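Read through the structure below, which is laid out as structure tokens, and then see the notes.
The values are calculated or read from the model by the stated rules, or taken from the named source; none is laboratory data. Since the structure is predicted, the reported quantities are computational estimates derived from the model, not experimental observations. For the accessible areas, the whole protein counts, side chains as well, though only heavy atoms, and no ligand, DNA or RNA atoms are used. Shrake-Rupley method; radii C 1.70, N 1.55, O 1.52, S 1.80 Å.
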Amino acid sequence: MEIIRATKTAEQAGAYYVRIQAMARKHQIPLSVEFDEHDTHDTKYIVIVDDYLPIATCRLYAIDNATVMLGRIVVLPENRGRGIGTLVVREAERWAKELGFSVSVVESRENKIHFYETMGYVADYSKKIVGDTFTCYRMTKNL
């Protein structure tokens, strides 16, 4: 397995591939919803590749000078349960810290809150986000 900080178009395409396969296709999310204003050529992506195929991804972007949003954290269904989600989040946190961020934020679906809690994130149940596809809660962690 290889962990990539996607800086090239082909590597970023790997992030998009995972998101299309695991989210857009599985949950019937239109591409115009899955890919939003935070997907730009300046956005940072982590991609995990197994052999030559991308199997997981995470997107990073600044909320402010101190806070980074980790989002679109996805592992292809056939690769779940192997610790890959933890791997991708940990690498995103390392990169964010190197970039000077001190706080990490995720917006977690209710059924994934425990996953993020095991990595030190704390849920703010007053920050409920009702989206087109999922209801999420904002979670934060000091890096």
Reported to two decimal places, what Rg/Rh ratio describes the stretch 52-116 when computed on Cα atoms with Rh from the Kirkwood expression? 0.98
Rolling a 1.4 angstrom probe over the protein chains, ignoring ligands and nucleic acids, what is the accessible area of residue 140 in square angstrom, nearest 10? 60
For residue 55, list long-range residues whose amide hydrogen, built 1.01 Å from N in the peptide plane, is under 5 Å from its own amide hydrogen. 48, 49, 50
Too-long pairs where the Cα-Cα distance tops 25 Å, listed order kept, from 112/141; 8/127; 26/97; 8/112: 8/127; 26/97; 8/112
Relative contact order of the chain, defined on C-alpha pairs under 8 angstrom at six or more residues apart (%): 19
With both partners inside the chain, how many of the DSSP beta bridges are antiparallel, as a percent to the nearest 5? 90
Between residue 73 and residues 5 or more places away or on another chain, the pairs with built amide H atoms under 5 Å apart involve 59
Could you pull the Cα extents of the stretch 1-69 along its three principal axes, largest to smallest, in whole Å? 35, 29, 18
Could you list log10 I(q)/I(0) for the chain at q = 0.13 Å⁻¹, which the Debye formula gives when each Cα is one point scatterer? -0.53
